[in-house]
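The values are calculated or read from the model by the stated rules, or taken from the named source; none is laboratory data. Because the structure is a prediction, the values reported are computed rather than measured. Counting neighbours? That spans all protein chains shown, and the Cβs are built from the backbone with ideal geometry, glycine included. These area figures cover heavy atoms from the full protein model, side chains too; ligands, DNA and RNA do not enter into them. Shrake-Rupley method; radii C 1.70, N 1.55, O 1.52, S 1.80 Å.
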Amino acid sequence: MTMPGRLLDFFSLEASEYLTRLESLASKQTMETSDAAQFTGAARGLRGSATMAKAGGIVQVAMTVERIGSSVVHGGTSWEPELQRALVGAIDDLKVLVRSVRTWGADQDARVEESLRRLARFAPARKERTDDVIVPISQLFYNDGGQHIIYVAPNPKTHYEQQLREQSGGIGPGTLSPDLNRVPTTPPRPAAPAPVRTPPRGQELRDVLNSSLATMRGLETRNSGPQPAQLVPIQELLYRGQSAIDRAAEIRRALKKSGAPPTRALVDELVDLVELAAAG
């Protein structure tokens, strides 16, 4: 463990409170749904606190205890004496691990593995994340020479030139398929050769330029908004050093007062505060 001593003090204090709550709930002969929800919340809080302290072994055990508690809440696991003894043993292991967070070594790693082994039979299997299927772009078009569906995004992030093309009908008639559900089965007729246009000259050229300039002025007016505020260096907006410690303590007091488990966003903030405190 390479975390600053003050942060480890904060973690030890907070983790001890979560473990006291877990031990009190695990000692009950019966586990009501409301008690199981509190048990799961305390395990989640311990996991978040250990994540902030970068105590990976404690995170693994607390996460497994949290999964078992969540399964009890949803009726997937029944509260039996054997499960109760396993959880009480895991809580005892967590107490030892929290006390050893400053001198973590091979013995602590072995205790984590043994605790996870005892809990494995009660923990529900974790759902494997399925990767998104990659579809070749060739499958998004018709196999024949028919007209393909082309459309303009409803809120495109475009430049002036692209907006000018859209406003002037850059996609000519016949480019869009009139019926999105129709799959062409016959090859399209050869298109008639486009008439050759000579570049505009004289008054025609001036009219085209004036029209384009007027369109661009309209786009500038439409896209213009309030001027951006003066930039402030991000270092002035972040907690650093002692201020990060104070902010973490403030969050802890708020959680303790509300009694609610920490949210994912709050855990992420606490992890960021650890980094900022160490950098300060």
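Kindly indicate whether Gly48 is under 18 Å from Arg264 (Cα atoms) and in a helix (DSSP H, G or I).
yes
Quick check on my filter: what residues within region 266-280 are open to solvent by 60 Å² or more (accessible area, probe 1.4 Å) and either modelled with pLDDT of 80 or more or touching a Gly at 6+ places or on another chain (Cβ under 7 Å) (or both)?
Matches in region 266-280: Gly280 only.
Considering region 1-14 alone, what residues qualify as being in a helix (DSSP H, G or I) and surrounded by fewer than 20 Cβ atoms within 10 Å (Cβ to Cβ)?
Gly5, Arg6, Leu8, Asp9, Ser12, Leu13 - these are the residues of region 1-14 that are in a helix (DSSP H, G or I) and surrounded by fewer than 20 Cβ atoms within 10 Å (Cβ to Cβ).
Suppose we filter Glu23, Glu32, Glu17 for residues that are surrounded by fewer than 24 Cβ atoms within 10 Å (Cβ to Cβ), closer than 20 Å to Arg118 by Cβ and either among the acidic types (Asp, Glu) or free of Cβ contacts under 8 Å to residues at least 12 places away in the same chain (or both); which single one remains?
None of the others qualify; the one that does is Glu23.
Mind listing whichever residues of region 68-81 are touching a residue at least 12 places away in the same chain (Cβ under 8 Å) and either assigned to a helix (DSSP H, G or I) or open to solvent by less than 60 Å² (accessible area, probe 1.4 Å) (or both)?
Result: Ile68, Gly69, Ser70, Ser71, Val72, Val73, Thr77, Trp79.
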